[in-house]
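Data first, discussion second: the structure below is written as structure tokens.
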Amino acid sequence: MPTATGRSRRKAGPSIEDVARLAGVSAQTVSRVSTGADAVRPATRARVLAAMDQLGYSPNRAARALRNGSFGTIGLLAHRFERTGEALTTKAVVEAAEAQDHSVTLLHVSNPEADGWQHAAHRLSHQAVDGLVIIRAEQATPDSLALPAGLPIAVSDSRLVGYYPAVVADQVQGSQDVMAHLLGLGHPTVHHIAGPADSDPAALRAATWQRCLEEAGIRPPQVWRGDWSAESGYAAGQRIAEDPAITAVYCANDEMAFGLMRALHEHGRRVPQDVSVVGFDGIALSEFSSPPLTTVKQDFHRIGHELVRLVLDQLQSKPGLSRDRVVVSTELLVRGTTAPPPGR
């Protein structure tokens, strides 16, 4: 007859030592994989994750979890942390989490395709996090991103908005303000350098640009497509600068606007005397370009803080959050890159 000790051992489930034995690694390596540490070879990480799945192991809530019921850690999932929007939002999330005595674990999606997000969700199931913030999951959908059940989640500017509590900038109002400003200056039309086709914020800005022109009785011109980088703005600018009929350009972000302005300068087109330029984001550098860039300022600080608040509210079991959607207002900053078109 099994002893009480034997029964308790069978109920306890697999241990970190069991995973280490099956994967042929040390318990320390299993711990590093569980916490998302980088110093593990990909093949070793895959072997450990496979052993966890086979045994049904997940990191137990020892240490801090036993003391207060949480790890005190929020996961932050994104594809491109180096991009301006992601970087500024990440900074704000870290600040807000620290203010609430939480740390942040960064979870990077190296492959932006759907299977890359699936792999990230698989890794997440082995992370010691209490909740998750997702920034711009462009190609992820609720079907492709199978997240752990019951995990508090908040998302920003992605296709997951509407499925999880979300924080979004008011892309529509910001774009409307740009168009009212440029058309109000007397420009016969406004050209647009859009962001990537798979980006929801880029799509909203482009759709609003098009609608504003159509409502003004103006046929929208060709859309120029960039990838958020200054290089892509410069490439589009090389062609824009060759058309003397173009007098106003709305760029989907500030960095593409900087690239455009350089191209215009190299072709002898003056900003704003010959061509007015408007960006989006309101990054710090926009105030110090020459001339200072007219742009739509996003409040990344508030976006990050609201994302953390939504996650922590779910941890505290506050009701009514399943489809919460916080819209953060934008502000048009009129500076030196916009003016009436030549001859007016």
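The residue that is modelled with the highest pLDDT, among those in segment 129-175 that are hydroxyl-bearing (Ser, Thr, Tyr) and in contact with a helix residue (DSSP H, G or I) (Cβ under 9 Å, 6 or more places away or on another chain), is Ser175. Among the candidates Val277, Val326, Val296, Val308, the residue that is closer than 12 Å to Met261 by Cα and not in a loop (DSSP other than H, G, I, E, B) is uniquely Val277. Taken as a whole, the structure leaves Leu260 outside the set of residues that are more than 30 Å from Gly343 (Cα to Cα) and crowded, with 20+ Cβ neighbours inside 10 Å.
Across segment 20-57, the number of residues qualifying as among the aliphatic types (A, V, I, L, M), modelled with pLDDT under 85, surrounded by 15 or more Cβ atoms within 10 Å (Cβ to Cβ) and within 30 Å of the chain's Cα centre (by Cα) comes to 5.
The values are calculated or read from the model by the stated rules, or taken from the named source; none is laboratory data. Quantities reported herein were computed from a predicted structural model and do not represent experimental measurements. Glycine also receives a Cβ, built like all others from the backbone with ideal geometry; neighbour counts cover every protein chain displayed.
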